[in-house]
Amino acid sequence: AALPGMIAALLRIPLSLAATGMEQLQRVSFGPLILFPQASPTLMGMLQVFDMFKLWGWVLAIIGFAAVHRISARKAWLAGAILLLVQVGWGAVQGSMAGAFTPKM
């Protein structure tokens, strides 16, 4: 399940090198975050969860979880969905905290 993260990191290298400012660097994403360039920090935190490589890793982890623990696919997907919702909530908390401590210009 770590392979998608490694591929994403390799693909982000040239995008990061091409970024001219810190704000562009923070927007390097393979998910819906690139559609909302002026998103609030809270929304940014939530949208970062839906990066296509992160979702690919989640799918692989859920399939592996079901196979290793010999549980039904339905139970594994339910557990994965619950954890994904928790991660979206945690992304919102992190984004709002980052927004609270970012200097306003």
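The values are calculated or read from the model by the stated rules, or taken from the named source; none is laboratory data. Everything numeric in this text was worked out from a predicted model, so none of it was measured. When we count neighbours, we look across all protein chains shown, and the Cβ atoms used for this are built from the backbone with ideal geometry, even at glycine. Accessible surface is based on the protein model in full, side chains and every heavy atom, while ligands, DNA and RNA are left aside. Shrake-Rupley method; radii C 1.70, N 1.55, O 1.52, S 1.80 Å.
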query: What's the angle, to the nearest 10 degrees (0 to 90), between helix 3-18's Cα axis and the longest principal axis of the chain?
result: 10 degrees
- prompt: Can you give the accessible area of residue 96, probe radius 1.4 Å, in Å² rounded to 10?
  reply: 50 Å²
message: Under the 0.36 nm per residue contour assumption, what length would be gained going from the current alpha-carbon distance of residue 84 and residue 9 to full extension?
response: 24.9 nm
field: Pairwise label distance in nanometres, residue 36 with residue 60, each label 7 Å out on the Cα-Cβ vector
entry: 2.7 nm
- request: Determine the share of segment 5-105's accessible area contributed by carbon and sulfur atoms, expressed in whole percent, with a 1.4 angstrom probe.
  value: 74 percent
statement: Under the 7 Å Cα-to-Cβ spin-label approximation, residue 100 and residue 52 lie apart by a distance in nanometres of 3.5 nm
query: Given only helices, namely DSSP H runs of n ≥ 4 each adding -39500 (n - 2.57), what is the per-residue ellipticity at 222 nm of the chain, to the nearest 500 deg cm²/dmol?
result: -23000 deg cm²/dmol
message: For the chain, take the longest principal axis of its alpha carbons; what is the angle in degrees between that and the long axis of helix 52-69, to the nearest 10 within 0 to 90?
response: 20 degrees
- line: With the 8 Å Cα cutoff and a minimum separation of six or more residues, the chain has a relative contact order in percent of 33 percent
query: By how many degrees, between 0 and 90 and to the nearest 10, does the Cα long axis of helix 73-100 differ from the longest principal axis of the chain?
result: 20 degrees
- prompt: According to the Kirkwood expression over distinct Cα-Cα pairs, how big is the hydrodynamic radius of the chain, in Å?
  reply: 15.2 Å
task: Would you kindly derive the ³J(HN,Hα) couplings of segment 43-48 from the backbone phi angles with the Karplus curve 6.51 cos²θ - 1.76 cosθ + 1.60 (θ = phi - 60°), listing them in order in whole Hz, with x for Gly and Pro?
output: 5, 4, x, 6, 6, 5
